[in-house]
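Inspection log for the structure reproduced underneath, given as structure tokens.
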Amino acid sequence: MKKTILSGLLFLGVLSAQAQAQQQGTTEYDFAPHWYVQIQPLGLQYTLGELDFGDLNHYNVQAAAGYNFNKILGARLSVNAWSSKAGIEIDQSNYPNRKTDPKTFRGEWKWNYVAPSLELTCNLSNAFFGYKHDRLFTLSGFIGVGANIAWGNDDAQTVNKNLIAWLGKFEPDQNLEYLWDGTKVNVTGRAGLMGDFRINDRFSAGVEVNANVLSDKYNSKKAGNADWYFNALAGVKVNLGPTYTTRIIPPVEPEIRYVDKIVEKIVEVPGKSETIIKVAPLRRDIFFKINSTKIRPTEVQKVADIANYLNDNPNAKVVMTGYADKGTGNATINARLAAGRAQAVKDMLVKNYNIPESRISYDSKGDTVQPFSENDKNRVTICIAE
């Protein structure tokens, strides 16, 4: 019995909530273009090379500023920096005439760089699954071009000298043929993925992986192909403005249908032989959408009813009064809306149904008078023909 009562109360609660939501309308979230900044202090770079994976890793960092033009596309300026690593390993078996120790030559070196890049970003989550303002995880991709400005290649100079000493002579195929000094600038192509975990509307924690391709001369070695390095980064993103706007979609106003019956009464006037036929008045309430003076297709028939009544009764006239709901807008806006709603009905009667203006009277009350207890119904023009 208790379970039945509880189930009934729960069901009534759900119905009540649904009814309230229908009365209040639904909230729509629209994407808002906005700026953001990213700070990624935790980074690891792997420079592609012939040594083991663990030997060619190094710390790096990145900062970026970007702008999202719409829910899918944006642009970002990033600056990645710290150090890259490279290495070389040569076995003595390649040189049978060399018998001295050590039998293997191994060298590692690193250098500093800063790499600004301009990228086009694409929100993949919104592109494939639609926009959602509070999505917990968002995946984005990017592609761009930039420059790698490198310096501090002293370690490579030392390794090259040691290699020549180990070989006993200069070997073009083994030496660091693209060895550079001073500052080296390379054009860089870049692509990658970003994943953001939403904390709130302003902050998110994110991870990023990207691949960068440069000329063969980046790591000082001649390999006959492009040089690559890969970054994995983690940090935070801060949105610098609202990321969405909200708007209330009003509930669908019920279509009110009137079934009017014209009642004719025969009235005998004492002392006179003629009879007077008196026709019952006709009322039509023409409802409008919020902040609108346009007559909806569902309301056009009501205007036609008034026109038919006036055509059937040549002596009849119509009085119409426009209103606005007090729950939205302000007195100035609502006065304009109310007058516009009355004017819209008048114009339709004159232009569409050729009703003379002399048979039409109209007024507006703004939001000073609310003919209906339900707020949304007060977006109305009330017409009475008699």
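The values are calculated or read from the model by the stated rules, or taken from the named source; none is laboratory data. Just so it is clear, the structure is predicted and the values come from calculations on it, not from any experiment. Here Cβ is always computed from backbone atoms with ideal geometry, including for glycine, and neighbour counts include all displayed protein chains. Note: areas computed on protein heavy atoms with side chains; ligands, DNA, RNA excluded. Shrake-Rupley method; radii C 1.70, N 1.55, O 1.52, S 1.80 Å.
Before moving on, here are some points about what is shown:
- Within the option set Ala316, Ala324, being of a type in the set (A, V, I, L, M) and free of Cβ contacts under 8 Å to residues at least 60 places away in the same chain holds for one residue only, Ala324.
- Qualifying residue in the range 193-204 (condition: open to solvent by 60 Å² or more (accessible area, probe 1.4 Å), modelled with pLDDT under 95 and under 21 Å from Thr47 (Cβ atoms)): no
- Count - residues of the range 104-156 that are under 16 Å from Leu179 (Cβ atoms), assigned to a helix (DSSP H, G or I) and in contact with a Ser or Thr (Cβ under 9 Å, 6 or more places away or on another chain): 1
- Within the range 119-134, tally of residues that are of a type in the set (S, T, N, Q) and touching a Gly at 6+ places or on another chain (Cβ under 6 Å): 1
- Candidate set from the range 352-366 (those that are closer than 30 Å to Ala331 by Cβ and either open to solvent by 70 Å² or more (accessible area, probe 1.4 Å) or in contact with a Gly (Cβ under 8 Å, 6 or more places away or on another chain) (or both)); member that is modelled with the lowest pLDDT: Tyr362
- Checking each residue in the range 210-225 for being of a type in the set (A, V, I, L, M) and either on the phi > 0 side of the Ramachandran plot or loosely packed, with under 13 Cβ neighbours inside 10 Å (or both) picks out no residue at all.
- Checked against (1) at pLDDT below 95; (2) within 14 Å of Asp285 (Cα to Cα); (3) buried (at least 21 other Cβ atoms within 10 Å of the Cβ), Pro371 meets all criteria but (3).
- Here Gly130 meets the list (1) at negative phi; (2) out of contact with any helix residue (DSSP H, G or I) (no Cβ under 9 Å at 6 or more places or on another chain) almost entirely, failing just condition (1).
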